[in-house]
Amino acid sequence: MTATLEGKVLPNVKEAIENLIKDPAVQKGFKFIEADHQHTIEEQIEITEIPAPPFKERKRAENFMHRLQELNVQNIHMDSEGNVYGFRLGTGNGPKIVISAHLDTVFPEGTDVTVKSKNGVLYAPGISDDTRGLAELLAVIRAINEANIKNIGDIIFCGTVGEEGAGDLRGVKAFFNDHQDIDGFISIDGPESNGIVYLGAGSYRYNITYKGPGGHSFGAFGLPSATHALGRAIANIADLQTPSDPKTTFTVGEVTGGTTVNAIAAEASMKVDLRSSEKKELDELAEKFLAIVQKAADDENKRWETDAITVEIDKFGNRPSAKQAYEEVIVQAAWAAIEATGETPKLTGPSSTDANYPLSIGVPSITLGRGGKGGGAHTLGEWFNPTDGHIGIQKNFLTLLSLVGVEGVCAPLLQKKN
Ligand SMILES: [Zn+2]
């Protein structure tokens, strides 16, 4: 059953959004965002063309930092992990909320990131995921400035590093280690403008390597094989059973091994991704998987009456599963804001984003989709269609303001922890 907030949005949430929509300053912000559409796209293109491979986000981070400075964001930092963030302090005594997008892309160094335009659609690796998110963040800051919004709580604007793949959420993890007083977190990252992600799918990733003596296929026959051990493991992984609710998945994503057709392989390895929206299921799956991995080595050794095959297990990814009730006020605020901008809101399934980490340590967190339309994420054919993209930004702006509160317009919806 899909969760929905249809008809369930609390009166105080509705009222906050209604009051914001009626406020002249907020209206000014809305108009500004629409008028700023082309500027936002130009900025998106400029940032896309600054490569930001995993662990090599620095150049883009410095550029983003410069843009924050130009927008008079206060107390701007680049932390030791490489995140860039700055504050818009509130009028006082409100909650502290982070709104972020990720700086890194999945694309390796040397990828051509030149943006090409065809019939109004932009093409480039990283054009949507998550450069559009960064551009939207900057557009929200401009709108707040232009409309002279008097936010009650503090807003922290953040470009994070290490969201993708092997980055393992290192940026957001470091940020929350340094800041334990955050009351809410919004990540702008996702292909559907009307989508709200409120659950975090956890993932564990492993690099498994079997090693053996190796030898000639004919001359050394009788020795155990690393590829055969790997094959035994994969066959058993393929037969694993996992629940569909909570959705729990596994895949052997990459396989390498052996050197030539007529040799008993000395080494073989696989990269494996396990996921679940619930920690308990993920841990159970990991336990079964690790037993299979060990048994494959044992069985290969038994077959040849030896102990020459060994297995190395490297867990290189650990993203926590995380959940909250869909009735949480942060989810309701986003829902009502999306409705107020004329779109039909949708709670989407668990996902793996920066929001996983704060959610796993109890900070209310959501991931909101980017405006416009995009596709082909993580491929060289990635594209972005900017038509009506400003609506997505207006929705971010409205969600943020309702949570943090605006002097004389609405009290913060978000609870302040301390
Ligand atoms: Zn992303």
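The values are calculated or read from the model by the stated rules, or taken from the named source; none is laboratory data. None of the values given here were measured: they were computed from a predicted structure. Because the Cβ atoms are built from the backbone with ideal geometry, glycine has one as well, and the counts that use them run over all protein chains shown.
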Consider the stretch 296-314. How many of its residues are in a helix (DSSP H, G or I) and crowded, with 16+ Cβ neighbours inside 10 Å? 5
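Yes or no, residue by residue, for (1) more than 16 Å from the ligand (Cβ to nearest atom); (2) in contact with an Asp or Glu (Cβ under 9 Å, 6 or more places away or on another chain); (3) part of a loop (DSSP other than H, G, I, E, B):
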position: ASN148; (1), (2), (3): yes, no, yes
position: GLY159; (1), (2), (3): no, yes, no
position: TYR204; (1), (2), (3): yes, yes, no
position: THR209; (1), (2), (3): yes, yes, no
Members of the stretch 107-146 that are of a type in the set (Asp, Glu), more than 16 Å from the ligand (Cβ to nearest atom) and in a helix (DSSP H, G or I): GLU146
For the stretch 327-407, give me every one of the helices (runs of 4 or more DSSP H) that falls completely inside it and has 3 or more residues that are closer than 23 Å to PHE32 by Cα and either in the same structural domain as GLU18 (by TED's automatic domain parsing) or more than 16 Å from the ligand (Cβ to nearest atom) (or both). 329-340, 389-404
For the stretch 49-61, pairs from a residue that is within 13 Å of GLY159 (Cα to Cα) to a residue that is in a helix (DSSP H, G or I), with Cβ under 8 Å and 6 or more apart or across chains, are ALA52/LYS59; ALA52/ARG60; ALA52/ALA61; ARG60/ILE47
May I ask you to list the residues in the stretch 240-260 that are aliphatic (A, V, I, L, M) and not in a loop (DSSP other than H, G, I, E, B)? VAL252, VAL255
When ASN12 is evaluated against the numbered criteria (1) surrounded by 15 or more Cβ atoms within 10 Å (Cβ to Cβ); (2) touching a residue at least 60 places away in the same chain (Cβ under 8 Å); (3) polar (S, T, N, Q), which criterion, by number, is the only one it fails? (1)
Can you tell me which residue in the stretch 25-81 is surrounded by the most Cβ atoms within 10 Å (Cβ to Cβ), limited to those that are within 21 Å of the chain's Cα centre (by Cα) and of a type in the set (A, V, I, L, M)? ALA52
Flag if ILE155 is within 16 Å of the ligand (Cβ to nearest atom) and under 27 Å from the mean Cα position of the chain (by Cα): no
Output yes when any residue across the stretch 209-232 is closer than 25 Å to PRO412 by Cα, surrounded by fewer than 24 Cβ atoms within 10 Å (Cβ to Cβ) and at pLDDT 95 or above, and no when none is. no
Test each condition in (1) touching a helix residue (DSSP H, G or I) at 6+ places or on another chain (Cβ under 8 Å); (2) part of a helix (DSSP H, G or I) for MET65 and report the one that comes out false. (1)
What residue, among those in the stretch 177-193 that are more than 16 Å from the ligand (Cβ to nearest atom) and outside any loop (DSSP other than H, G, I, E, B), is nearest to GLU343 (Cα to Cα)? GLY184
